[in-house]
Amino acid sequence: MAVETHTATDAEGAAARRDLAVRAAVEQGLVGGAEGSEPLVCLLDVAGIQASAAALAGAFAAALPPGTPVLHAFAVKAAPLVPVLRLLAAAGFGCEVASPGELALARAAGVAPERTVLDSPAKTPAELREALALGIAVNADNRQELERLDALVAAVPTASPIGIRINPQTGAGAIDALSTATATSKFGVPLRDPGARAWLVRAFAERPWLTRLHTHSGSQGVPLPLIAQGVRELHALAEEINAAAGGRQIDTLDIGGGLPVNFASDEQTPTYAEYVAALRGAVPALFDGSYGLVTEFGRSLLAKHGLVLARVEYTKTTGGRPIALTHAGVQLATRTVYAPAAWPVRILPYDAKGTPKTGTPVPQDIAGPACFAGDLLATARELPELSPGDLIGVPDTGAYFFTAHYGYNSLPRPAVHGFRITPGGGVHFTLARPAQSPAQIVAEAGGALRDALL
């Protein structure tokens, strides 16, 4: 079976689709300066999402014996939109959820319980009971949660596969806040702490209903060899537990996700094929068919296929530096605004008609609408000088940007539209989430309870 990879041609095709979509969004009144047009809109490239899903599935299928059970469970936190979950479900994907809200979204998208995995470091008894009643896979985070599960499993028979999450303590990547496998990470049972490994072996021996192990050693800023090292530790522990059990008590390994994304260009790197190659090099037995596998990718499936489009409302010069004041800022790119060194974004300039803007580059700040000085998407960025009515595009924002809204200044959630290029070269948009109205903001802020505190 051929392994699907991302090439320069893929990147060029994605960029071409993006530019077609920007122009069409202006022409169709989704965004821009025309009367009634929105100053801000977010776009998702449906074909790009489908291509990423196919690349992930293909990379694993090519490396595993036919018939090996594999569940690719999309990390809902990366893009909690029901139409996105539905699109991925149609491609054969499940969902990884970490809250009652995310579970509700997965169920609303029609994702079956047996294709859903519950991970969270702070599951309540009610969350656990619901998951066990539905037959959803559960990964216990810690010893106390496992004790809670002891009582629940004894009281109510369940079809849920149940496992334990481990922290392989293999080290941090470039972004400390996202590194889940450090010595002091809050996630999972710390594998290298004194006595932890022996306790894990005993925990499985005492509970024949424990059939899985889970780790998540990857994330943005974590190199492939370090991710693979965490998976190698997981596999070695599973082999040790199964040897102690005298059989294949553990039948499935949940290896998490966390493939880094390239935010510097349109190139999609590293690829899923490169990820699988790194795993095969570090732990070849992972692909011998002995274990079913679960993955939990999010950012790498969606990030490259999202675009924020915002109107330049005003421009000014302060202290000799041009500033473009736009409608895209901290409410969408929260991490970029608060940690710009770790989360830089590209800025693509377009004119008022949605055509890529050219001209002599000028250092300028790209500012958002929020009322604090640090609401900046870029500082002294070399771009053709922007004017009121122009548009900025912020690519690579399909995960954790406009789907994880930050309600600063009660700025509304923008509309999200999926787009496809038609055979004739046109652009068809489909609403995936409507823009939030002022009335909805009031309702969310307790508008119906306005006298409650009098």
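Quick rundown of the values:
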{"read-out": "Selected residue [more than 21 Å from residue 216 (Cβ to Cβ) and either in contact (Cβ under 8 Å) with a residue 60 or more places away in the chain or assigned by TED's automatic domain parsing to the domain that holds residue 272 (or both)] from 101, 135, 94", "value": "135"}
{"read-out": "Test: residue in the stretch 320-333 that is outside the structural domain of residue 227 (by TED's automatic domain parsing) and among the polar types (S, T, N, Q)", "value": "yes"}
{"read-out": "Search result, residues across the stretch 229-258 that are in contact with a Gly (Cβ under 7 Å, 6 or more places away or on another chain) and crowded, with 24+ Cβ neighbours inside 10 Å", "value": "254, 256, 257, 258"}
{"read-out": "Any hit, the stretch 331-352, residues being at pLDDT 95 or above, loosely packed, with under 15 Cβ neighbours inside 10 Å and polar (S, T, N, Q)", "value": "no"}
{"read-out": "Condition check for residue 130: of a type outside the set (S, T, N, Q), outside the structural domain of residue 404 (by TED's automatic domain parsing) and more than 21 Å from residue 88 (Cα to Cα)", "value": "yes"}
{"read-out": "Meets criteria (aliphatic (A, V, I, L, M), crowded, with 20+ Cβ neighbours inside 10 Å and either out of contact with any Ser or Thr (no Cβ under 9 Å at 6 or more places or on another chain) or over 21 Å from residue 428 (Cα atoms) (or both)) for residue 89", "value": "no"}
{"read-out": "Enumeration of residues in the stretch 54-83 that are touching a helix residue (DSSP H, G or I) at 6+ places or on another chain (Cβ under 7 Å), within 30 Å of residue 404 (Cα to Cα) and assigned to a helix (DSSP H, G or I)", "value": "55, 56, 59, 60, 76, 77, 78, 82"}
{"read-out": "Residue within the stretch 256-268 that is of a type outside the set (Phe, Trp, Tyr), in the same structural domain as residue 60 (by TED's automatic domain parsing), farther than 30 Å from residue 347 by Cβ and within 18 Å of the chain's Cα centre (by Cα) present", "value": "yes"}
{"read-out": "The stretch 397-414, subset under 28 Å from residue 88 (Cβ atoms) and of a type in the set (Gly, Ala, Ser), residue modelled with the lowest pLDDT", "value": "404"}
{"read-out": "Residue in the stretch 119-137 that is under 22 Å from residue 52 (Cα atoms), surrounded by fewer than 24 Cβ atoms within 10 Å (Cβ to Cβ) and not hydroxyl-bearing (Ser, Thr, Tyr) present", "value": "no"}
{"read-out": "Some residue of the stretch 155-165 being in a helix (DSSP H, G or I), among the small types (Gly, Ala, Ser), in the same structural domain as residue 212 (by TED's automatic domain parsing) and surrounded by fewer than 20 Cβ atoms within 10 Å (Cβ to Cβ)", "value": "yes"}
{"read-out": "Check on residue 394, of a type in the set (Val, Ile, Thr), under 27 Å from residue 438 (Cβ atoms) and modelled with pLDDT of 95 or more", "value": "yes"}
{"read-out": "Subset of the stretch 412-441 (residues that are over 27 Å from residue 19 (Cα atoms) and either surrounded by 15 or more Cβ atoms within 10 Å (Cβ to Cβ) or assigned by TED's automatic domain parsing to the domain that holds residue 220 (or both))", "value": "441"}
{"read-out": "Odd one out for residue 417, checked against (1) part of a strand (DSSP E or B); (2) under 17 Å from residue 15 (Cβ atoms); (3) touching a Cys at 6+ places or on another chain (Cβ under 8 Å)", "value": "(2)"}
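The values are calculated or read from the model by the stated rules, or taken from the named source; none is laboratory data. Nothing here was measured: the structure is a model prediction, and the numbers come from that model. No Cβ is skipped: glycine too gets one built from the backbone with ideal geometry, and neighbour counts run over all protein chains shown.
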